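Asks: So that we are looking at the same thing, I have put the structure below in structure tokens.
The values are calculated or read from the model by the stated rules, or taken from the named source; none is laboratory data. All values derive from a computational prediction rather than experimental measurement. Because the Cβ atoms are built from the backbone with ideal geometry, glycine has one as well, and the counts that use them run over all protein chains shown. Heads up: the accessible areas ignore ligands, DNA and RNA and are worked out on the full protein's heavy atoms, side chains in. Shrake-Rupley method; radii C 1.70, N 1.55, O 1.52, S 1.80 Å.
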Amino acid sequence: DQTTDTLTGDHGIGQGMIVKSQRFPDSLTGYIINTEFLRTISNPSGSGITANALTQQYGSKVYVVNSTFGDNNIVNALGGAVGVTNESNMFIYNSVLYSNHPAQLWLYTDNGVPGLSVYNSLVEDGLLGIKIFSPNVNLNYDEATNIDADPLWSGLEPYPYSLSYGSPCINTGTLDLPPEIELPDTDLAGNPRIWDGQIDMGAYEYGPWVGVDYRR
């Protein structure tokens, strides 16, 4: 579990994480599960495309599961919170991407074909929240299971990006995950990751403990 919170005022690179492998396909597989990328601000000195929370490069494969990307901001540049480049492939499940500027996700290549697949996740602006900066990409956005809505974060410390009552993320995740994915027993607040046989979107599970006490 990891929280990336690199608020740097109005300047600074603010890069949260880069997954980078050798320049050939399937040379690295990464798993980002139960993770938050929050309030990262990037103000690049040059032009180009920037990802200020998570960047994936070259021949890597990355699974992003039950993670939350919120309030990440790029100043005076193209891009978004999460970027997939070149011959990389990213698979997103049960995650929340909301209130990131100027976009939630993007794809770009100058070598190979990047791929992005999104399932059972909340993506602000839906397909419009995913920017494509080159023609040769593979995008699989499951409109049957993905949603575009306000996640209704609680805003309450110590976990302001946890879910509040009525959130559309409650019970809308999926347990039908690739066999190599191993979910942890608990969410970021230490509460059960699966509750009553169901799972939520994002890094936090909503349950009867919410509003009473957070188990650690």
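Asks: For THR68, which sequence-distant residues (separation of 5 or more, or a different chain) have an amide H within less than 5 Å of its own amide H, given hydrogens modelled in the peptide plane?
Replies: Those qualifying (amide H under 5 Å, at least 5 residues apart or on another chain) are THR35, GLU36, PHE37, VAL96, ALA203.
Asks: If the elastic network links every pair of Cα atoms under 10 Å, which of TYR165, TYR119, TYR206 fluctuates the most in the Gaussian network model of the chain?
Replies: TYR165
Asks: Grab the eigenvalues of the alpha-carbon gyration tensor for the stretch 104-216, scale each by 5, take roots, and send me the semi-axes largest first in whole angstrom.
Replies: Output for the stretch 104-216: semi-axes of 30, 16, 12 Å.
Asks: Tell me the carbon and sulfur percent of the accessible area for the stretch 66-105, rounded to whole percent, probe radius 1.4 Å.
Replies: Here carbon and sulfur together make up 49 percent of the probe-accessible area.
Asks: Which stretch or stretches of the stretch 55-76 have amide N atoms under 20 Å from the point lying 7 Å from TRP209's Cα along the Cα→Cβ direction?
Replies: Answer for the stretch 55-76: 66-68.
Asks: For the chain, report the convex hull volume of the alpha-carbon atoms normalised per residue, in Å³, without decimals.
Replies: Considering the Cα atoms of the chain, their hull volume per residue is 114 Å³.
Asks: What's the carbon and sulfur percent of the stretch 127-186's accessible surface, probe 1.4 angstrom, rounded to a whole number?
Replies: 51
Asks: For the pair ASN140 and SER164, what calculated FRET efficiency results from E = 1/(1 + (r/R0)^6), where r is the Cβ-Cβ distance and R0 = 30 Å, to the nearest 0.05?
Replies: 0.50
Asks: Name the residue, out of LEU156, LEU139, LEU78, whose mean-square fluctuation peaks in a Gaussian network model built on the chain with Cα pairs under 10 Å.
Replies: LEU156
Asks: Send over a whole-number figure in Å² for the accessible area per residue of the chain, probe 1.4 Å.
Replies: 45
Asks: Given R₀ = 45 Å, what would the calculated FRET efficiency be for GLN198 paired with SER27, taking r from the Cβ atoms and rounding to 0.05?
Replies: 0.80
Asks: GNM, the chain, Cα, under 10 Å: largest mean-square fluctuation among PHE91, PHE37, PHE69?
Replies: PHE91
Asks: Mind listing the Cα extents of the stretch 153-203 along all three principal axes, in Å, largest one first?
Replies: Answer, in whole Å and largest first: 34, 20, 17 Å.
Asks: With labels modelled as points extended 7 Å from the Cα through the Cβ direction, what inter-label distance (nm, one decimal) is found for LEU183 paired with ALA77?
Replies: So the label points at LEU183 and ALA77 sit 3.6 nm apart.
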